[in-house]
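Below is one structure; the comments refer to it alone.
The values are calculated or read from the model by the stated rules, or taken from the named source; none is laboratory data. These figures come from a predicted structure and were not determined experimentally. Virtual Cβ from ideal backbone geometry, glycine too; neighbours counted across all protein chains shown.
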Amino acid sequence: MQIFNSDQKGLSENNELYQSMIENSRDGIYITQNSRVTYVNKSFCELLGYTSDEMTSPLDSDMLFNWDKDRIIDKLFQPTEGNTIPVIDYATFIHKDGKLVDIEYTATSIIYDETPAAFVSVRDITERKRMQEQLEKSERKFRELADLLPQCVYELDAQGIGTYLNKAGQIAMGFTSDNIRFHALDGVIPEDRARMVANMQKTFQEKGLGFSNEYTALRQDGSTFPAIFYAAAMLENGEFMGTRGLIIDISERKAMEEAIRKSEEHYRCVIQSLQEGLFVIQDKKFVFVNDSIVNILGYTVDELTGMHFSTVVPPECGEEGLQKYMEREKGTYGSWSYEFTLLHKDGHTRVPVTLSTNLTEFDGLPAIVGTAKDITDRIKAEEEIKAAHNRLEQINLDLEQTIRERTNELTQANIQLLKLEKENLQSQFDVLKQQVNPHFLFNSLNVLTSLIRLEPELAEQFTEHLAKVYRYVLENKDNELVSLSTEISFLTAYIFLINIRFMDKIKVNIRIPDNKMNLQIIPLAMQLLIENAIKHNAMSKKSPLVIEIFIDDLNILNVVNNLQEREAHMNSTGIGLKNIENRYRLLNNSIPVFEKTSTHFIACIPLIEE
């Protein structure tokens, strides 16, 4: 077999070697000549399931898939004499058993038996193509899911160049086009860039670890916002390929922290301005003192903080002081006010004071909070003692109320801090905003207000059904599917509410047999469709909005309403219908079909077997 246009003597001497090499090649090899396959090797026969005798016959173009048959025949079976430049292309062949085989082929022109021929080498890439399609599908799914997230999701290559930014990220960073190629340093203010470089180097050096850092993010339009950048290294076979992560806008948290800081500073100023000494004792040590108490005793704030309380108790009052402390520590909540003597820093001066103490918590642990009023002048003058005593009692009462109020305000500030720990709930509420129109709640509350005055008993029923509606929303917000029986039970409560609100202007007819109640549907689908119909249609008692809900022979749920579009028709954003459609896409299920005729709007929702 002479395949190559070369020295005939040399070819003859090496013919057996070439024949062996081609026969044992793992790639399929065949030669076509005058629209005939004149030679095939073993690998090509195995690739398509034919014998060599079946293959070396007039060309059967049925072996080629129809979509590209003419183009492939021209390239594979009509060689141009003298054109030895290989042609690399792809084609789809049909196996003898009928299955399709995707191949990559290399074809070149040769002289075979002194006649122009095509020498073609083929390789089965069916599995590689299938894996590539699966990879592309998986990547598309990742991109779609990432675009649904409210947080900014990004990817950087090994040089810090942005290669991906989801929709939320494009909005947050101010991109107005699909061109999101940017350097990571361009996303923060210049003052933060050196620190970002150091952190990026750390991410590179400690591959596989995740980091989070606060920066001031810089949008495309030059505006800024505080953010936390979460970053994790992307590795491939141990090789650093870049980073991916999240950008969380913390503007609200920063504003809350600043408000709390200012509040704490305000209350600290108030406490320090008190004329009475204020102190907190925990585990028998002073953990907080104001300027007034240190002035009374001659210490500085730093000296008195951390000191054992017995240090400021004269020796002759030590037993009494310890007893009162123990009683106060074990006692019930309430304020104690009594006269006592404290010891000055000089070790000699006794300072008569009125102490007011209360059992409370400080930094989450039991503590005694108290005030000390220097009553030296009162001791010197008996007449002034009575007047001072009355004034002091009133001051103590006012101070106790002030402390309670300040404690309550500080508690409220702590509650605000706890809200920051519930950021995950915000994502769930964002989903609910897309599922249940907030106007429905406001309108329902307006109806309830009227019913409470006019029909209390009906108002009670209205309240029970409203609670049932929102209980259902909260219980099923995380569920992908619910049974029709569960959804219809919720829908009954919802229809009760809208019937009271619209007073015979809307009719909802549900015709679903019992044997279909176990079929499943995404939560709130029917409610969204009813609310959509109410939003876009006018209704009256003479011309009510009629909504029919039934299952057809194909197990498709039909929700059909007559068209009575409002004259001042608002532009529809389509959020509700897109929400239903996207949720079915995430289930990899057939998607709903929405159709608008001249007289009706029809929604066809797929039902899923349990």
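What the table below lists for this structure:
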read-out: ARG328, sole failed condition from (1) basic (Lys, Arg); (2) at pLDDT 85 or above; (3) under 55 Å from the mean Cα position of the chain (by Cα); value: (2)
read-out: Test: residue in the stretch 484-493 that is assigned by TED's automatic domain parsing to the domain that holds PHE550, modelled with pLDDT under 85, part of a helix (DSSP H, G or I) and not β-branched (Val, Ile, Thr); value: yes
read-out: Some residue of the stretch 53-72 being modelled with pLDDT of 70 or more, surrounded by 14 or more Cβ atoms within 10 Å (Cβ to Cβ) and in the same structural domain as TYR30 (by TED's automatic domain parsing); value: yes
read-out: Qualifying residue in the stretch 535-543 (condition: surrounded by 19 or more Cβ atoms within 10 Å (Cβ to Cβ), farther than 20 Å from GLU487 by Cα and not assigned by TED's automatic domain parsing to the domain that holds SER138); value: yes
read-out: Matching residues in the stretch 459-473 - criterion: being under 27 Å from the mean Cα position of the chain (by Cα) and of a type in the set (D, E, K, R); value: ARG471
read-out: Residue within the stretch 307-320 that is among the polar types (S, T, N, Q) and more than 19 Å from THR357 (Cα to Cα) present; value: no
read-out: Matching option when the condition is within 24 Å of GLY364 (Cα to Cα), surrounded by 14 or more Cβ atoms within 10 Å (Cβ to Cβ) and not basic (Lys, Arg), among GLY298, GLY277, GLY242; value: GLY277
read-out: Verdict on ASN532 being among the polar types (S, T, N, Q) and either at positive phi or crowded, with 19+ Cβ neighbours inside 10 Å (or both); value: yes
read-out: Out of GLU531, GLU567, GLU610, sole residue that is touching a residue at least 40 places away in the same chain (Cβ under 8 Å) and assigned to a loop (DSSP other than H, G, I, E, B); value: GLU610
read-out: Failed criterion for ASN479 (all others in (1) within 25 Å of SER590 (Cα to Cα); (2) outside any helix (DSSP H, G or I); (3) modelled with pLDDT of 90 or more hold); value: (3)
read-out: Leading residue by the ranking (surrounded by the most Cβ atoms within 10 Å (Cβ to Cβ)) among those in the stretch 331-351 that are out of contact with any Lys or Arg (no Cβ under 8 Å at 6 or more places or on another chain), assigned to a strand (DSSP E or B) and at pLDDT 85 or above; value: VAL351
read-out: Check on GLU316, of a type in the set (Asp, Glu) and part of a strand (DSSP E or B); value: no
